[in-house]
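The values are calculated or read from the model by the stated rules, or taken from the named source; none is laboratory data. Everything numeric here is computed off the predicted structure, so don't read it as measured data. Neighbour counts are summed over all protein chains in view; Cβ atoms, including those assigned to glycine, are modelled from backbone coordinates with ideal geometry.
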Amino acid sequence: MIKKDNRGFSLVELVICMAIMAIVLGMLVGSLNYIGNSQARALANAVKTSVGQCRIQTMGKYESYLYIYRGADKKYYKEVWRKSKADDWVHENVEVIGKQKPVVKYKIKGDTSEYTLDVGTPGFMVTFDRSNGKEISTSANVLPAGTQDADSNVIDSVKPVKVSEITVSYGGTEYKITIVPETGKISL
């Protein structure tokens with residue numbers, strides 16, 4: 001019997017290895033997409049909940065403003081400002097509401113443009129009327145001049161607007177949060 005010194009792969013072995021690698025790679029890409037989509041869904045839920053809490057808080061105890069922006073670390077933050085009994089604006093809390101992967105865009109009522117929250121750009125404020133819960137335009141003069149968010153961005157550069165739609169997306173998946181300014185109704 002003659003032994004051959006065979007050190008290579010056969011064509012069949014190579015095809016089987018390539019097929020296994022393709023299956024594993026396909027599963028990996030699918031799971032990464034699932035992670036991004038779940039982060040987008042979680043951020044959309046957090047934004048909707050934050051807006052709803054601001055509305056309830058304004059109609060209940062005290063006037064409040066919700067400021068949403070993207071920090072220098074590319075995460076999404078919310079800041080809650082409320083009016084104290086002494087008529088001063090008190091910074092209540094800063095909270096991370098979303099991770100880096102999703103993209104947040106918003107539309108202003110009466111404007112066809114869509115604005116993207118990005119690092120270094122001002123975020124947006126959402127405010128409600130204390131008596132009836134309707135969304136009202138925020139004023140650049142609501143907070144004291146020079147007020148800064150947690151990333152030292154000047155908040156009073158935010159334009160007075162009514163946000164009509166907030167879109168959170170990742171890949172091909174989009175979640176739309178709609179605020180009806182006339183009623184204050186929030187839907188996802």
query = So residue 61 clears everything in (1) outside any helix (DSSP H, G or I); (2) of a type outside the set (A, V, I, L, M); (3) at pLDDT 85 or above except one condition, right? Which one?
reply = (3)
query = Which one of these does residue 113 not meet: (1) in contact (Cβ under 8 Å) with a residue 24 or more places away in the chain; (2) closer than 30 Å to residue 35 by Cα?
reply = (1)
request  = Go through region 12-40 and give me each residue that's farther than 30 Å from residue 94 by Cα and modelled with pLDDT under 85.
outcome  = 26, 27, 28, 29, 30, 31
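If we keep just the residues of region 112-136 that are within 19 Å of residue 76 (Cα to Cα) and among the charged types (D, E, K, R), which is surrounded by the fewest Cβ atoms within 10 Å (Cβ to Cβ)?
114
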query = Out of the residues in region 52-68 that are of a type in the set (A, V, I, L, M) and over 12 Å from the mean Cα position of the chain (by Cα), which is surrounded by the fewest Cβ atoms within 10 Å (Cβ to Cβ)?
reply = 56
inquiry  = Restricting to region 69-91, and then to whatever is charged (D, E, K, R), loosely packed, with under 14 Cβ neighbours inside 10 Å and free of Cβ contacts under 8 Å to residues at least 40 places away in the same chain, can you tell me which residue is farthest from residue 54 (Cα to Cα)?
reply    = 73
inquiry  = Among (1) modelled with pLDDT of 75 or more; (2) among the charged types (D, E, K, R); (3) under 30 Å from residue 173 (Cβ atoms), there is one condition residue 130 misses while meeting the rest; what is its number?
reply    = (3)
request  = Go through the residues of region 41-50 one by one and say whether even a single one is polar (S, T, N, Q), at pLDDT 80 or above and loosely packed, with under 10 Cβ neighbours inside 10 Å.
outcome  = no
key: Hits in region 148-184 - residues which are among the hydroxyl-bearing types (Ser, Thr, Tyr), modelled with pLDDT under 80 and assigned to a strand (DSSP E or B)   = 164
